[in-house]
Amino acid sequence: MLHRLSIDSIGNVATQSQASSSIDLRIAFQLPFPQRQEQRRHQSQQVRQLLISQLAETLDQDYTLESLPLSKTSLGKPYLTSQPSPAISLAHSHGWAASSLSLDTEGISLLGVDIEAIRHRDWEAFAAEVFHPKETTWLMAAQDTERDRRGLTIWCRKEAIVKAIGVGIAITLSEIAVSPAGQLIQLPISLGSTENWNIVNDTIHDREQQAIFAVAWKNG
């Protein structure tokens with residue numbers, strides 16, 4: 001099933017395309033393959049197919065998997081080599097695939113998306129390594145499934161920011177902090193100011209499956 005979401009410049013999310021949309025987000029789910037290598041290959045194709053549909057419908061650019069002008073930086077950040085070349089970001093996890101495309105090529109300078117299937121983790125051990133103390137406090141105030149949701153929300157927000165900037169795993173994730181309300185409150189000095197950043201996140205459902213997604217972008 002395809003989920004199409006539109007996000008405006010201040011983070012309002014709609015399930016239909018809006019004239020004020022700044023970001024087109026498409027999410028799809030398909031039951032995972034039993035073999036990990038086959039699953040990764042399929043999801044790589046799936047996110048590219050989502051991007052192809054976005055380019056066709058929003059920019060009137062028609063591509064196939066073979067002709068898609070997609071490349072990566074040395075740290076793995078995907079980008080389009082065509083003109084115009086709006087900011088993009090791709091993500092996949094356990095059957096989920098997500099593609100985000102900037103519709104505001106002048107206003108949005110950085111864009112990142114992440115998605116994670118909801119599943120249990122040992123968050124207490126995990127948080128000590130990658131979460132900011134304020135994030136950990138919010139996480140540990142919850143129990144059971146709600147703790148899983150909060151943990152994945154924190155993780156997806158951080159990953160979306162890292163993917164938008166394009167620094168891969170070259171930074172310490174605990175140096176990035178996002179408030180429970182979704183406001184970026186701390187970045188490493190080397191990555192610039194926290195100003196002009198926007199973050200949205202939500203839970204998405206498909207059949208009996210659920211995932212957390214986050215989109216982060218910087219204006220200007």
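What follows draws every value from the coordinates through simple rules; no lab data is involved. All figures in this text were calculated on a predicted structure; none of them were measured in a lab. We place every Cβ from the backbone using ideal geometry, glycine too, and count neighbours over all the protein chains shown.
Whether any residue in region 57-72 is within 23 Å of residue 36 (Cβ to Cβ) and part of a helix (DSSP H, G or I) is what I want to check. Checking region 57-72: not a single residue is within 23 Å of residue 36 (Cβ to Cβ) and part of a helix (DSSP H, G or I). In region 126-166, the residue that is farthest from the chain's Cα centre (by Cα) out of those that are within 19 Å of residue 184 (Cα to Cα) and hydroxyl-bearing (Ser, Thr, Tyr) is 137.
Filtered by the rule that a residue be over 19 Å from residue 199 (Cβ atoms) and small (Gly, Ala, Ser), region 1-51 gives 17, 19, 28, 44. Within region 193-209, is even one residue of a type in the set (D, E, K, R), touching a Ser or Thr at 6+ places or on another chain (Cβ under 8 Å) and in a strand (DSSP E or B)? No; the residues of region 193-209 include none that is of a type in the set (D, E, K, R), touching a Ser or Thr at 6+ places or on another chain (Cβ under 8 Å) and in a strand (DSSP E or B).
How about region 1-16: which of its residues are surrounded by 14 or more Cβ atoms within 10 Å (Cβ to Cβ), over 15 Å from the mean Cα position of the chain (by Cα) and without any contact (Cβ under 8 Å) to a residue 60 or more places away in the chain?
8
Residues in region 28-66 that are among the acidic types (Asp, Glu) and surrounded by 12 or more Cβ atoms within 10 Å (Cβ to Cβ): 57 alone.
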